[in-house]
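Visitor: Pasting a structure below so you can have a look.
The values are calculated or read from the model by the stated rules, or taken from the named source; none is laboratory data. Being a predicted model, the structure only gives us computed values, none of them experimental. Neighbour counts are summed over all protein chains in view; Cβ atoms, including those assigned to glycine, are modelled from backbone coordinates with ideal geometry.
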Ligand SMILES: Cc1ncc(COP(=O)(O)O)c(C=O)c1O
Ligand SMILES: Nc1c(O)cccc1C(=O)C[C@H](N)C(=O)O
């Protein structure tokens, strides 16, 4: 009854018809891979047609021309993260963007151009280049980010075992912002604070403004991995003083498997030399003069590297237009209502399941982490019944009722299925996995 009433008063209810989720599937995995929409398929089809009909001329004669695709789609994403158009570009992938951006800011620190800082400041007030900078992260981060950060430190002769400083979690689920602040107070060598906007496992949403302020007070740059919030949670990167950020477009931005990455660089840093330079980051007006000297674009576009993968970028144009039409604030409001509803049902009907996601709205991203000792089998049983969720070790079933295409009735059905599986111990018939994609 309640689900039906909530669906009736949902101003975004009609958007579900514009996504292609199979009828027999309850898709709760849009935090890993968003579904196709008619709009995304249409913008992809258009670029395929342009390739067939225009060939090389597509770079200049397609409508719009392919040449500025990174900047153009960056402009479309900028309002979702509270940035001006020149501060966002699409290109590369999250991991590559972590490499190039963290590398860039490490180089700034090592060149003595870092932010002003007490304690380790040189006489002129800037970062002392003799101090090896540390990067502050947390122990619940997505591993790829740590792999990239360690590699960037190593490449500069800095020992990552010492200088990748890891904020511990008190409960194995969340990071307490006070622990980030305490780590900054305890170590005077942190040059970059690199945190997620939302944790991939528990879905905890971070207070970006608070962390950026703490970083700046300590004289460190503030960078963020926004993979688990971009497109689901509105951000204000400029107002929060964020220095740089990375995210993907295949989750809440629904641009397809392996779709192009995105990044933000605050305007005050434009003009820096990217750590991983390439011709696509060259000043656009002179890029095709083929000079051997790299002139960085005076925008976030400088952090593009090589030719953008047009077919992996094309769906984003349609998918982001759909989100823009829905409105990021309305999407966030619906997402919170959906996860509130899910959490209330779990509390009420699933005593063997606990909710690992913070309950306060301000600390909750777009998915809910359901913890069960047999989470992996439960996840397999759900997937087998057409309820698509995923499992993250050691015991988390992630359920993502994404706002653009999920109904409250869908959430009710998911809980019905979990209850039926657990009541019948049906999950016990499933084997645990031996690797592979989950
Ligand atoms: C938070 C986070 N960072 C980084 C990655 C890796 O991104 P990519 O494979 O696009 O480099 C993912 C997901 O794969 C993620 O969830
Ligand atoms: N990028 C992925 C992939 O190529 C295959 C399977 C899953 C993914 C993911 O995005 C996983 C995701 N980052 C996570 O939150 O676990």
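Visitor: Is it fair to say residue 220 is out of contact with any helix residue (DSSP H, G or I) (no Cβ under 6 Å at 6 or more places or on another chain), within 29 Å of residue 315 (Cα to Cα) and buried (at least 23 other Cβ atoms within 10 Å of the Cβ)?
Guide: No; evaluated as a whole, the condition is false for this residue.
Visitor: Looking at this structure, is residue 51 under 15 Å from residue 308 (Cα atoms), more than 27 Å from the chain's Cα centre (by Cα) and in contact (Cβ under 8 Å) with a residue 40 or more places away in the chain?
Guide: yes
Visitor: Right, next: Go through (1) within 20 Å of residue 258 (Cα to Cα); (2) crowded, with 23+ Cβ neighbours inside 10 Å for residue 114 and report which single condition fails.
Guide: It fails just one condition, (1).
Visitor: I'm trying to understand the selection: among the residues of region 187-204, which are in contact with a strand residue (DSSP E or B) (Cβ under 8 Å, 6 or more places away or on another chain) and away from ligand 1 (no atom under 13 Å from the Cβ)?
Guide: Within region 187-204, 187, 189, 190, 191, 192, 193 qualify.
Visitor: Another question, if that's okay. Among the listed residues 38, 23, 29, identify the single one that is under 30 Å from residue 391 (Cα atoms) and at pLDDT below 95.
Guide: 23
Visitor: Name the residue that is nearest to residue 234 (Cα to Cα), counting only residues in region 387-398 that are within 16 Å of ligand 1 (Cβ to nearest atom) and outside any loop (DSSP other than H, G, I, E, B).
Guide: Among those residues, the one meeting the criterion is 398.
Visitor: What helices (runs of 4 or more DSSP H) lie completely within region 1-92 and have 2 or more residues being surrounded by fewer than 19 Cβ atoms within 10 Å (Cβ to Cβ) and out of contact with any helix residue (DSSP H, G or I) (no Cβ under 8 Å at 6 or more places or on another chain)?
Guide: Counting at least 2 such residues, we get 2-8, 38-54.
Visitor: What tally of residues in region 133-157 results from selecting those that are in contact with a helix residue (DSSP H, G or I) (Cβ under 8 Å, 6 or more places away or on another chain) and crowded, with 18+ Cβ neighbours inside 10 Å?
Guide: Final tally of qualifying residues: 12.
Visitor: Also, I was wondering about something else. Hey, any hits in region 416-428 for a residue that's within 16 Å of ligand 2 (Cβ to nearest atom), surrounded by 18 or more Cβ atoms within 10 Å (Cβ to Cβ) and part of a helix (DSSP H, G or I)?
Guide: Scanning region 416-428 turns up no residue that is within 16 Å of ligand 2 (Cβ to nearest atom), surrounded by 18 or more Cβ atoms within 10 Å (Cβ to Cβ) and part of a helix (DSSP H, G or I).
Visitor: Okay, next question. Take the residues of region 235-252 that are away from ligand 1 (no atom under 12 Å from the Cβ) and part of a loop (DSSP other than H, G, I, E, B): which is nearest to residue 44 (Cα to Cα)?
Guide: If we take residues in region 235-252 being away from ligand 1 (no atom under 12 Å from the Cβ) and part of a loop (DSSP other than H, G, I, E, B), then 235 is nearest to residue 44 (Cα to Cα).
Visitor: Let me ask another. Starting from region 86-111, keep only residues that are within 28 Å of residue 67 (Cβ to Cβ), then list their pairs with residues that are within 8 Å of ligand 1 (Cβ to nearest atom) and in a helix (DSSP H, G or I) whose Cβ atoms are within a distance under 7 Å, requiring at least 6 positions of separation or different chains.
Guide: 95/144; 98/145
Visitor: OK, next. State yes or no: is residue 366 modelled with pLDDT of 95 or more, under 22 Å from the mean Cα position of the chain (by Cα) and within 16 Å of ligand 1 (Cβ to nearest atom)?
Guide: Yes.
Visitor: Which residues, taken from region 344-386, are surrounded by fewer than 17 Cβ atoms within 10 Å (Cβ to Cβ) and assigned to a helix (DSSP H, G or I)?
Guide: Passing the criteria: 344, 347, 348, 349, 361, 362, 384.
Visitor: A further question on this structure: Return yes or no: is residue 207 more than 15 Å from residue 265 (Cα to Cα), more than 16 Å from ligand 2 (Cβ to nearest atom) and touching a residue at least 40 places away in the same chain (Cβ under 8 Å)?
Guide: Yes; evaluated as a whole, the condition is true for this residue.
Visitor: May I pose another question? More than 14 Å from ligand 1 (Cβ to nearest atom), buried (at least 24 other Cβ atoms within 10 Å of the Cβ) and closer than 21 Å to residue 88 by Cα: does that describe residue 230?
Guide: Answer is no for this residue.
Visitor: State which residue pairs qualify: first residue in the same structural domain as residue 81 (by TED's automatic domain parsing) and inside region 172-196, second residue part of a strand (DSSP E or B) and surrounded by fewer than 21 Cβ atoms within 10 Å (Cβ to Cβ) in any location, beta carbons under 8 Å apart, and separation of 6 or more residues or different chains.
Guide: Pairs found: 183/165; 187/165; 190/165.
Visitor: Of the conditions (1) more than 30 Å from residue 44 (Cβ to Cβ); (2) touching a helix residue (DSSP H, G or I) at 6+ places or on another chain (Cβ under 9 Å); (3) part of a helix (DSSP H, G or I), residue 271 fails just one. Which one is it?
Guide: Evaluating residue 271 over (1) more than 30 Å from residue 44 (Cβ to Cβ); (2) touching a helix residue (DSSP H, G or I) at 6+ places or on another chain (Cβ under 9 Å); (3) part of a helix (DSSP H, G or I) leaves (3) as the failure.
Visitor: Please work out which one of (1) closer than 23 Å to residue 303 by Cβ; (2) away from ligand 1 (no atom under 16 Å from the Cβ); (3) surrounded by 18 or more Cβ atoms within 10 Å (Cβ to Cβ) is the condition residue 277 fails and give its number.
Guide: (3) is the only condition that residue 277 fails.
Visitor: Does residue 288 meet the test of being surrounded by fewer than 22 Cβ atoms within 10 Å (Cβ to Cβ) and without any contact (Cβ under 8 Å) to a residue 60 or more places away in the chain?
Guide: yes
Visitor: So is residue 255 part of a loop (DSSP other than H, G, I, E, B), more than 12 Å from the chain's Cα centre (by Cα) and surrounded by 24 or more Cβ atoms within 10 Å (Cβ to Cβ) or not?
Guide: Against the criterion (part of a loop (DSSP other than H, G, I, E, B), more than 12 Å from the chain's Cα centre (by Cα) and surrounded by 24 or more Cβ atoms within 10 Å (Cβ to Cβ)), residue 255 qualifies.
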